[in-house]
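This report refers to the structure that appears directly beneath it.
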Amino acid sequence: KPMEGRVSDIGPRHFGEYLPPVIKENFGKWDYHEIIEPGILLHVALSGDKTYTVRAGTARLMSVTHIREICDIADKFSGGYVRFTTRNNLEFQVETEEAAKELKAFLNDQKFPGGAYKFPVGGTGAGVTNIVHTQGWVHCHTPATDASGTVKATMDVVFDDFTDMKLPAPVRISMACCLNMCGAVHCSDIAILGIHRKPPLIDHKFLDNLCEIPLAVAACPTGAVRPSKVELDGETYKTVAIKEERCMFCGNCYTMCPSLPLSDGEGDGIAIMVGGKISNRITKPAFSKVVVPFVPNEPPRWPTLTKTIKKILDTYAKDANKYERLGDWANRIGWERFFEKCDLPFSEHLIDDFRDPAYYTWRQTTQFKW
Ligand code: SF4
Ligand code: SF4
């Protein structure tokens, strides 16, 4: 039976059905909030009602067994309510500070057999919170790197900054496994971005049967794809041709046409971007800039990637002023010094279209040539 006010039962149920009572009763009528200690937030409503939120990190891709475990914790501690944040944290709400501290201790005690945390509490304030990320090798068709693997390896090296709040300001880390960018890499303090460096291959024999050629042509933002015909084994195939010097390896054509794969073991890898933010606190929102043009894929622990991120984070933590976001710190000291202090080489790959003086700007995009 459709819900009241709805003409069909398609789509998710109205979110209002799942709000904890204190949120429902004070919806849109909150006075202020504060962070009591790492991982515990207090929200106070205009009515005087209070709610304490305990935030814990967890995986983005999880088994049913794991979700059941989360639901059992919610049943035991927070009236059966649990919330997933956009950064893949869990939030449980309780009525008192004592209950919040008890829940924090309980969550920190939940361990996997090898001793690793299941639900580490943290991710608040001037620290690192969980990484917003995308699908990776297992779940998407155009990734240039893995998502879960890079995120897990990175969170392991910044774990102390997840459970504590000792950084100058919040540091938001994001991950997207291709330029389509289902993550927030364009506006994060530190961003991990999968990039391809080779143009698509063309599977001439199957292309016309698998793809709409006009769609594949229209999908290319640089006009590199055009209709074509090829002779193979005495047969003529309707297909496409790619002007390789125009290709920026975005993978849009592959999204439209599975006969244009561009994954490549040697060509694929990661670019690291820094200095973006969406907050307008103190300074304006900013786009991230590329600071490392290429890191090879090194599963399962991505040592070059994690070492580079740790170096950037530690240098920022040591050098920045209180409340200064990572990009604001780099702007203040000068980006030349940022590169020096973080031991990062500056190369032509970091400059937008370095052949044309009109574009002698330091790149903010990732659409670049190799
Ligand atoms: Fe797929 Fe790209 Fe999104 Fe990753 S960022 S999930 S590869 S579309
Ligand atoms: Fe065009 Fe992108 Fe395909 Fe290259 S990868 S041909 S730029 S759509």
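The values are calculated or read from the model by the stated rules, or taken from the named source; none is laboratory data. Predicted model, so just to flag it, every value in this text is computed and none were measured. Note: ideal-geometry Cβ built from the backbone for every residue, glycine included; neighbour counts use all protein chains shown.
Does Ile40 qualify as being modelled with pLDDT under 90, out of contact with any His (no Cβ under 7 Å at 6 or more places or on another chain) and β-branched (Val, Ile, Thr)? Can you show your working first?
Working: modelled with pLDDT under 90: no; out of contact with any His (no Cβ under 7 Å at 6 or more places or on another chain): yes; β-branched (Val, Ile, Thr): yes.
Spelling it out, it is not the case that Ile40 is modelled with pLDDT under 90, out of contact with any His (no Cβ under 7 Å at 6 or more places or on another chain) and β-branched (Val, Ile, Thr).
Yes/no matrix, rows are residues, columns are (1) within 16 Å of ligand 1 (Cβ to nearest atom); (2) buried (at least 20 other Cβ atoms within 10 Å of the Cβ); (3) modelled with pLDDT of 95 or more:
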site	(1), (2), (3)
Gly223	no, no, no
Pro300	no, no, yes
Lys310	no, no, yes
Tyr316	no, yes, yes
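Does any residue of the range 183-205 turn out to be of a type outside the set (A, V, I, L, M), part of a loop (DSSP other than H, G, I, E, B), over 30 Å from Lys104 (Cα atoms) and within 14 Å of the chain's Cα centre (by Cα)?
Within the range 183-205 (the criterion being of a type outside the set (A, V, I, L, M), part of a loop (DSSP other than H, G, I, E, B), over 30 Å from Lys104 (Cα atoms) and within 14 Å of the chain's Cα centre (by Cα)), the answer is no, since none of the residues qualifies.
How do the strands (runs of 3 or more DSSP E) wholly within the range 39-126 filter down when requiring 1 or more residues that are charged (D, E, K, R): which remain?
50-57, 89-94
Among all residue pairs at least 6 apart or on different chains, which show Cβ distances below 9 Å where the first residue, located in the range 214-226, is among the hydroxyl-bearing types (Ser, Thr, Tyr) and the second is near ligand 2 (Cβ under 6 Å from one of its atoms) and part of a loop (DSSP other than H, G, I, E, B)?
Every condition considered, the pairs that remain are Thr222/Cys247; Thr222/Met248; Thr222/Cys250.
Among the residues of the range 140-182, write down those that are assigned to a loop (DSSP other than H, G, I, E, B), near ligand 1 (Cβ under 7 Å from one of its atoms) and closer than 22 Å to Phe84 by Cβ.
Once the filter is applied, which keeps residues that are assigned to a loop (DSSP other than H, G, I, E, B), near ligand 1 (Cβ under 7 Å from one of its atoms) and closer than 22 Å to Phe84 by Cβ, the range 140-182 yields Cys140, Ala147, Cys177, Met181, Cys182.
Tell me, which strands (runs of 3 or more DSSP E) lie completely within the range 233-307 with 1 or more residues that are under 17 Å from Ala216 (Cα atoms)?
235-242
Which ones in the range 48-68 are exposed (fewer than 15 other Cβ atoms within 10 Å of the Cβ) and under 27 Å from the mean Cα position of the chain (by Cα)?
Answer for the range 48-68, where residues must be exposed (fewer than 15 other Cβ atoms within 10 Å of the Cβ) and under 27 Å from the mean Cα position of the chain (by Cα): Ala59, Leu61, Met62, Ser63, Val64, Thr65, His66, Ile67, Arg68.
Per-residue answers, yes or no, for (1) within 15 Å of ligand 1 (Cβ to nearest atom); (2) touching a His at 6+ places or on another chain (Cβ under 6 Å); (3) in contact (Cβ under 8 Å) with a residue 40 or more places away in the chain; (4) of a type in the set (Asp, Glu):
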residue: Met256; (1), (2), (3), (4): yes, no, yes, no
residue: Asp264; (1), (2), (3), (4): yes, no, yes, yes
residue: Ala271; (1), (2), (3), (4): yes, no, yes, no
residue: Val274; (1), (2), (3), (4): no, no, yes, no
residue: Ile278; (1), (2), (3), (4): no, no, yes, no
